[in-house]
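The values are calculated or read from the model by the stated rules, or taken from the named source; none is laboratory data. Bear in mind the structure is a predicted one, so any value in this text is a computation, not a measurement. Neighbour counts are summed over all protein chains in view; Cβ atoms, including those assigned to glycine, are modelled from backbone coordinates with ideal geometry. For the accessible areas, the whole protein counts, side chains as well, though only heavy atoms, and no ligand, DNA or RNA atoms are used. Shrake-Rupley method; radii C 1.70, N 1.55, O 1.52, S 1.80 Å.
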Amino acid sequence: MKHPIRHPVLLNRIPVRPLQLLKQIGRLGDERGVSVYLVGGVVRDLLLKRENLDLDLTVEGDGIAFARVVADRYGAGLAVFERFATARLAFPDGLKMDIATTRRESYAQPALLPTVQPASIEADLSRRDFTINAIAVQLNRRQFGRVLDPCGGQGDLRARAIRVLHTGSFQDDPTRIFRAIRFEQRFGFRLERTTVGLLAQAASTALIQGLSGPRLRNEILLLLAEHDPVRAIARMGQLKLLRFLHRRLSYTKNVRRVVTAVPKALVWWAHRFPDSEIDRSIVYLMALSSKSSQAVVDGMIRRLALSREQAKNMGFVGGRVDRALKRLTEKGTVRPSQVYHLLADFSDEALVLLLVKQRSAQHGARVSLLKRHLVAYVKNKSVKTALAGRDLQAMGLQPGPQYKTILGKLLDARIDGMIKTEAEERALVEKQL
Ligand code: ATP
Ligand code: MG
């Protein structure tokens, strides 16, 4: 370390309780004779003055043993990942912390997970993805606040640049291709020139195809979960990365129109239905594939090894959303009960996609009509009939499949506002008999 810098104010940006904890952990490090560092995203975000309480610590020595000591001392929950020489702690007050062993990584084969060996903090920093993520701050008492930045991360933060640490970085781990875009877009930085070249080169090979489905999915969904994924998607299109989701997927004008309609649709939905928890990343993935054929969508589901629920959402993308939209916005009236049946098995994400597609349509005029349908539909989902099977039985009806038909008719009539009371329901049943 040529010029270790001390940056006493940096750690003071951490809220007081976690800061106290970090000081105490630094002293524990002294007692155990190991150097302890805060490292990675949290250091970057401290320097950027962005809030981040994902505390990543790394220990020059046995990180797992040290994590056990910390967990014992504070009564924290502990999960150990031997293979990655990492432990995750959950403190009683809800704070979470990762503690790892400083290490070197070797990549036996591109795109597969590396093997790890203990190494110095400098070696640990130089195996990381980007310079801005390769800064450490020491926590031991006498070195508390000492910044280690052997790769020039602070300079790149000032220059607002994403830079890899060596030319083979994307080969070693192609997930860094997507991470690069994620950080670039999140911070409004730029990929530094050499890095763009290396990325483009890596993207022109089959490297990314070597990534397992779950690893690729994880990266893509993380990217799509960012605050504003629209630009990140455009960037993936520009760098010709979408073909790794499916060789026929690309960022055409039509796709762009749909994707850029997502943010407003999500805002409207969240405002209208604050209790609905939307999987935003999947909505973006649905939008991204909404101009693709069923075969392409199925191919994406397989390539990304999507979960059953994610795959179910993707299943709405093709004809189902378009057919429902056509029906909901065509001339003439649709009865509320018809809307109810039309949308009965739509997920909330699929309902949002309806709005997205309508907003993006060249003649987006019927957006407010669709919104009214959506609001009415969500309200009608909780409508119940007053009568149940046993009431029909009491009225002298033989139990059987017609119960379902009759109760269904009652529900439709309620939804359509034709009847409002139990007496009216009874009258309707009598009429049916
Ligand atoms: P975020 O704010 O999105 O969590 P982060 O920088 O904390 O960003 P993590 O994925 O949480 O990112 O990883 C923590 C740190 O581990 C990173 O800052 C980086 O130093 C290192 N790291 C993570 N993934 C990789 C990778 N694929 N290759 C090299 N280093 C990585
Ligand atoms: Mg993190």
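Calculate what fraction, in whole %, of the accessible area of segment 334-395 sits on carbon and sulfur atoms when a 1.4 Å probe is rolled over the protein chains.
Numbers: 1490 of 2990 Å².
C and S atoms contribute 50 percent here.
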What is the distance in Å between the Cα centres of segment 97-162 and segment 313-345? 51 Å
Angle, helix 422-432 long axis vs. longest principal axis of the chain, Cα atoms, 0 to 90°, nearest 10? 60 degrees
With a point put 7 Å past each Cα toward its Cβ, work out how far Arg193 is from Gln117 in nm, to one decimal. 3.7 nm
Leaving out ligands and nucleic acids, and using a 1.4 Å probe, what accessible area per residue does segment 1-148 come to in Å²? 49 Å²
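Could you work out how much longer the chain between Glu422 and Glu31 gets when fully extended? Use 0.36 nm per residue separation minus the Cα distance between them, nm to one decimal.
Details: separation 391, 0.36 × 391 = 140.76 nm, distance 7.51 nm.
Gain on extension, Glu422 to Glu31, equals 133.2 nm.
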Calculated FRET efficiency, His341 and Ala305, Cβ-Cβ r, R0 35 Å, to nearest 0.05? 0.60
Estimated FRET transfer efficiency (Glu277, Lys96; beta-carbon r; R0 22 Å; 0.05): 0.55
Averaged per residue, what accessible area in Å² does segment 336-433 show with a 1.4 Å probe, protein chains only? 54 Å²
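Please report, in cubic angstrom per residue, the volume enclosed by the convex hull of the alpha-carbon atoms of segment 100-145.
Numbers: hull volume 3.8 nm³, N = 46.
Spelled out: Cα convex hull of segment 100-145, divided by residues, is 82 Å³.
Which whole-number percent of Cα pairs in the chain have a distance greater than 34 Å? Provide the component values of the computation, followed by the final result.
Working: 45404 of 93528 pairs.
When all Cα pairs of the chain are counted, 49 percent exceed 34 Å.
Suppose R0 equals 25 Å. What FRET efficiency, 1/(1 + (r/R0)^6) with r the Cβ-Cβ distance, do Val16 and Ala65 give to the nearest 0.05?
Values: r = 29 Å, r/R0 = 1.14.
With a Förster radius of 25 Å, E is 0.30.
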For segment 25-37, take each phi angle, set θ = phi - 60°, evaluate the Karplus expression 6.51 cos²θ - 1.76 cosθ + 1.60, and give the result in whole Hz per residue in order, putting x for glycine and proline. 5, x, 5, 4, x, 4, 4, 8, x, 10, 8, 10, 10
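Ignoring everything except DSSP H segments at least 4 long, calculate the 222 nm mean residue ellipticity for the chain; use -39,500 (n - 2.57) per segment, divide by total residues, nearest 500.
-15000 deg cm²/dmol
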For the peptides 407-420, 332-345, what is the packing order when you average, over each peptide's residues, the other Cβ atoms within 10 Å and list the highest mean first? 407-420, 332-345
If I fit a long axis through the Cα atoms of helix 348-360 and take the longest principal axis of the Cα atoms of the chain, what angle between them do I get, 0 to 90°, rounded to 10? 90 degrees
Collect residues whose amide H, placed 1.01 Å from N in the peptide plane, falls under 5 Å from the amide H of Leu55; neighbours closer than 5 in sequence don't count. Lys96, Asp98
Can you give me the three principal axis dimensions of segment 265-424 from its C-alpha atoms, in Å, biggest first? 56, 35, 29
List the residues, sorted by chain then number, that are 5 or more residues from Arg103 or on another chain and whose placed amide H is less than 5 Å from its amide H. Ala119, Asp124
Can you send over the carbon and sulfur percentage of the accessible area for segment 131-281, probe radius 1.4 Å, protein chains only? 47 percent
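Work out, step by step, the length gained on full extension between Arg243 and Glu330: first 0.36 nm times the residue separation, then minus their alpha carbon distance; give nm to one decimal. Walk me through the numbers before you get to the answer.
Details: separation 87, 0.36 × 87 = 31.32 nm, distance 3.52 nm.
Net length gain for the segment: 27.8 nm.
Based on the mean of other Cβ atoms within 10 Å per residue, sort peptides 374-380, 127-133, 217-223 so the most packed one is first.
Details: 374-380: 16.0, 127-133: 23.7, 217-223: 19.7.
My ranking of the peptides, most packed first, is 127-133, 217-223, 374-380.
Would you mind calculating the gained length between Arg390 and Glu430 on full extension (0.36 nm times residue separation, minus the Cα-Cα distance), in nm to one decimal? Working shown, then result.
Working: separation 40, 0.36 × 40 = 14.40 nm, distance 1.52 nm.
The Arg390-Glu430 span can extend by a further 12.9 nm.
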Kirkwood hydrodynamic radius of segment 239-314, Cα pairs, Å: 13.2 Å
Roughly what would the spin-label model give for Lys381 and Lys312, points 7 Å off Cα along C-beta, in nm? 1.2 nm
Cα-only Debye scattering, segment 188-241: base-10 log of I(q)/I(0) at q = 0.15, 0.31 Å⁻¹: -0.49, -1.23
Degrees between helix 63-74 axis and first principal axis of the chain (Cα, 0 to 90, nearest 10): 70 degrees
Could you tell me which residue out of Tyr403, Pro15, Pro263 lies farthest along the dipole of the chain toward its positive end? Charges go on the beta carbon: Lys and Arg +1, Asp and Glu -1, centred on the Cα centre. Pro263
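Going by average Cβ neighbours within 10 Å, how do the peptides 169-180, 25-36 rank, with the highest at the top?
Numbers: 169-180: 22.2, 25-36: 18.2.
Packing order, densest peptide first, comes out as 169-180, 25-36.
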